[in-house]
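The values are calculated or read from the model by the stated rules, or taken from the named source; none is laboratory data. Computed from a predicted structure; not experimentally measured. Note that we place each Cβ from the backbone using ideal geometry, even for glycine, and neighbour counts take in every protein chain shown.
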Amino acid sequence: MERTILNQLRIWKQKPDKRPLIIKGARQVGKTYIIREFARTAYQDMVEINFERDLELKRIFEKTHKPKELLEYLQLSYLDKSFDSQTLLFMDEIQACPDALTALKFMAEEFPCDIICSGSLLDVAISRTSSYPMRYVETWEMKPMSFMEFLMAMGISEALLDQL
C-alpha cells in the first residue's frame, strides 16, 4: 500500500543533518505499518522496540539517557544487528516510555543509526516527560488514509487519477 508519507520518509532519510523523527497520530492510521515498510525498502536492517510490549527495554531507558550506555545494551540485546547508517532504530508506542522521549535529545547527537519513533496520545506523554527534546527531533502527524491514497490502494492508475 503506497502512502504519500513514504515519499516524505525517503526525503527525510537523505537529509545530511536529519534528526530523530517522531510520527504521531491516532491509533490504527498505519504508523507502524508504514515505518516497517519504509525500513524494509530503505535500510539493510531494523531494530524495533515496542514500549508497550518490551518492558525490559523500557526499564533501561528509565535507568539511563546516555547514548553510549543505551547503544551498548541494544548491541547486547540484538547481537545480529549492526548499529550503523544502514540500520533504522524504530521505537514504537513511545508514549509508554516518557524516558525514551527524553533520551532522544542525547541520542540525536551521538547515535550511529537513524531513529524513528511512533505513538499515539503523545501530548499526554510529553506532559509527563522531564525534558521534551523539541529542537532535537522532527515531529510529523500521520492522518488516516486520504481518498486519493485509498483510490491508489484500490488499483486506480495514476493517469486516471490525474484526469479526475
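Numbers at a glance
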| item | result |
| --- | --- |
| Residue match in the stretch 59-73 (condition: modelled with pLDDT of 95 or more, touching a strand residue (DSSP E or B) at 6+ places or on another chain (Cβ under 8 Å) and more than 18 Å from SER146 (Cα to Cα)) | no |
| Qualifying positions in the stretch 111-130 - modelled with pLDDT of 90 or more and either more than 18 Å from GLY25 (Cβ to Cβ) or part of a helix (DSSP H, G or I) (or both) | PHE111, PRO112, CYS113, ASP114 |
| In the stretch 48-79, the residues that are surrounded by fewer than 18 Cβ atoms within 10 Å (Cβ to Cβ), closer than 22 Å to SER120 by Cα and among the aliphatic types (A, V, I, L, M) | LEU55 |
| Residues that are part of a helix (DSSP H, G or I) and in contact with a Leu (Cβ under 8 Å, 6 or more places away or on another chain), drawn from the stretch 78-100 | ILE94, GLN95 |
| Members of the stretch 131-163 that are under 30 Å from PRO98 (Cα atoms), modelled with pLDDT of 70 or more, assigned to a loop (DSSP other than H, G, I, E, B) and touching a helix residue (DSSP H, G or I) at 6+ places or on another chain (Cβ under 8 Å) | VAL137, MET142, MET145 |
